[in-house]
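The values are calculated or read from the model by the stated rules, or taken from the named source; none is laboratory data. These figures come from a predicted structure and were not determined experimentally. Methodologically, a virtual Cβ is constructed for each residue, glycine included, from the backbone with ideal geometry; neighbour enumeration extends over all protein chains shown. Protein only, heavy atoms only, side chains kept; ligands, DNA and RNA dropped before computing areas. Shrake-Rupley method; radii C 1.70, N 1.55, O 1.52, S 1.80 Å.
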Amino acid sequence: MEKLISDFSLGLFFWQSLIFIGLILLLKKFAWKPILDAVNEREEGIKNALLSAENAKKEMQNLKSDNEKLLADARAERDAMLKEAKEMKDKLVSDAKVQAQAEGEKMIAQAKAAIESEKNAVMAELKNQVSTLSLEIAEKVLRDELSNKESQTKLVEKMLGDAKLN
């Protein structure tokens with residue numbers, strides 16, 4: 001350091017200062033402004049990028065909340081549709097049961113009516129056969145009894161006796 005102080009030259013100092021000031025003026029005129037403009041432009045770009053990123057983040061949050069809301073609405077709608085479908089199914093099943101029960105009761109009533117009709121027809125046929133048989137038996141008995149004169153007289157007397165009692 002002492003050597004620098006002892007070798008100090010005023011002319012050299014003047015020319016170095018003049019060159020330094022000229023260099024600073026040249027840099028200020030040609031390089032400083034573009035460098036500062038580039039730095040400012042980059043700073044603005046970074047600020048804009050940060051604002052855009054922040055806006056994108058907010059938009060993503062809004063979209064996410066909208067998506068969640070849409071999902072919740074879709075789930076609610078799906079649940080409502082499933083509930084409605086289940087109610088419709090239950091109604092159809094109960095209607096089918098009621099209809100089947102009504103059809104069953106109708107068929108049972110028809111079967112009972114058919115059985116009753118068949119029973120009445122059989123009873124009527126049976127009565128006809130019994131009456132026919134009874135008439136045939138009575139005819140044979142009467143023929144046997146009427147073939148004999150003595151038994152005919154007894155029968156007529158008996159009938160006259162019964163007629164008087166009534």
Residue match in segment 128-148 (condition: loosely packed, with under 10 Cβ neighbours inside 10 Å and at negative phi): yes
Positions within segment 27-42 being open to solvent by 100 Å² or more (accessible area, probe 1.4 Å) and of a type outside the set (Lys, Arg), in sequence order: Phe30, Trp32, Glu41
